[in-house]
Amino acid sequence: MKKTLLLFALFIGIIAVNAQTKEELQAQKSEKQAAANALQAEAKALQAQIDALPGWRVGAFGTIGGSLSNFSKWYSQGAPNNSSGNIGFTFNGHANLIQEKFFWRNALTTNLNWVKLDNKDNPNDDDSFNPTTDVFNISSLYGRNITKTLAVSGLMEYRTTLLDNFNDPGYLDLGVGATWTPIENLIVVIHPLNYNFVFADNDTVFESSLGAKIVADYTRQIGAINFKTNFSTFQSYKSGDLSNFTWTNSFSYTLWKMIGVGFDFGLRSNKQEALNYALGQFDPLAIPAQTEPTFDNVDNDLQTYYTVGLSYKF
């Protein structure tokens, strides 16, 4: 009986010691977590002060997407022996000089994509990677501050394709006006005096003109999330047929170290490009006869693209 009581007392003591140890460890964990949270808050406050200091702010992120496949004697499809591939990437970079009295903001956006489909049973088909999505945009904005949120500014923006028909067309906007920064990371450019230079071989369709330039850009990083949206439009004073707009969006989420997932999409409306493409498809000898495309009858469909894939934070 005495041995039983002794064992029972020992068992209760062990439980009490374990319970006390667990409570002590949980208390220590809570203290350490509170201290870590306080240090993290201090670090964020210091980083905010660093970000507010004058100087250069440089950053970049991008998306890489692609797939490769090879089929041999896969008879259920039309081309049983083929290899195909799709490769694309986007890059968004900026280098901004922020000073007390002025700013100089520079940005580069590009989206390139190649597609390949090689039918091994057809020796005459194209077995190379051919460009599909082809976007290149570079801009430089300089401003002198009038108030904390308003500045007199000048903008240079150049847009073209790199892989196919470089600078045909190419668009160069040069203008002056005002830049408004109502909140951090949002830049709104309003330039009522802007000249849109258009470079192209087909000068009967593409025409330079004077007009107004409006740009809105929002670029931000929140933890593991990077995103950028940019809307750029030119409204010609000469004719609405010479106006255009482009809206690009990039999003990436970091999953591990510098690697994550990304999504990009863009919209564009440009009647000059639509007419130039339609004239390239026009056959004056076709039967039945076709109506020759003009600015008055061309379908100015909305241009779109998107890319999904792995992302890498530079």
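Every read-out reported here was derived from the displayed coordinates using simple, explicitly stated rules and does not represent laboratory data. A quick note: this is a predicted structure, and the numbers were derived from the prediction, not measured. Every residue, glycine among them, receives a Cβ derived from its backbone with ideal geometry; neighbour counts consider all protein chains shown.
Find how many whole Å separate the alpha carbon centroid of the stretch 25-44 from the alpha carbon centroid of the stretch 166-235.
Cα centroid to Cα centroid, the span is 46 Å.
Say each of T21 and S269 gets a label point 7 Å from the Cα, pointing the same way as Cα to Cβ; how far apart are those two points in nm?
Taking the simple label geometry, T21 and S269 are separated by 7.2 nm.
Taking a ≥ b ≥ c as the square roots of the eigenvalues of the Cα gyration tensor of the chain, is the shape rounded (a/c under 1.5), prolate (a/b larger than b/c) or oblate?
Judged from the Cα gyration tensor, the chain comes out oblate (a/c at least 1.5, b/c at or above a/b).
Is there a quick way to get the dipole size of the chain? I mean about its Cα centre, with the Cβ of Lys and Arg at +1 and of Asp and Glu at -1; what is the value in debye to the nearest 20?
2280
Given K148/K228; K228/K271; K213/K271; K32/K257, which pairs have Cα atoms separated by over 19 Å?
K148/K228; K228/K271; K32/K257
At a threshold of 8 angstrom on Cα-Cα distance, excluding pairs fewer than six apart, so keeping six or more, what relative contact order does the chain reach in percent?
Details: 683 pairs, mean separation 36.4, N = 314.
Dividing the mean separation by the residue count of the chain yields 12 percent.
Using only helices, what value at 222 nm comes out for the chain when you add -39,500 (n - 2.57) per DSSP H run of length 4 or more and divide by the total residues, to the nearest 500 deg cm²/dmol?
-7000 deg cm²/dmol
Treating cross-link reach as a plain straight distance, find the aspartates and glutamates whose alpha-carbon is under 15 Å from the alpha-carbon of K73, omitting any fewer than eight places away in the same chain.
List returned: D118, D121.
Of L255, S311, G266, whose Cα points farthest to the positive end of the dipole of the stretch 240-314 (charges on the beta-carbon: +1 Lys, Arg; -1 Asp, Glu; origin at the Cα centre)?
In the stretch 240-314, that residue is L255.
GNM on the chain, C-alpha springs below 10 Å: top fluctuator among T291, T179, T132?
Largest GNM mean-square fluctuation: T291.
Ignoring trypsin sites (Lys or Arg not before Pro) that are buried or in helix or strand per DSSP, and keeping those with at most 14 other beta carbon atoms within 10 Å, what is the longest stretch of the chain between them?
Segment 149-237 is the longest.
Within the stretch 249-310, report the chymotrypsin sites (Phe, Trp or Tyr not before Pro) that DSSP leaves as loop and that have at most 14 other Cβ atoms within 10 Å.
Filter output for the stretch 249-310: F282.
In the chain, which longest range has no GluC sites (Glu not before Pro) that are both DSSP loop (not H, G, I, E or B) and surrounded by at most 15 other Cβ atoms within 10 Å?
208-314
Report the chymotrypsin sites (Phe, Trp or Tyr not before Pro) located in the stretch 29-125 that are in a DSSP loop and have at most 13 other Cβ atoms inside 10 Å of their Cβ, or state none.
W74, Y75
Quick one: which residues, 5+ away or cross-chain, put their amide H under 5 Å from the amide H of K120? H built at 1.01 Å from N.
Amide H neighbours of K120, under 5 Å, 5+ apart: N81, N82, S83.
Taking the chain as a Gaussian network, Cα atoms linked when under 10 Å apart, which of N106, N276, N82 shows the biggest mean-square fluctuation?
N82
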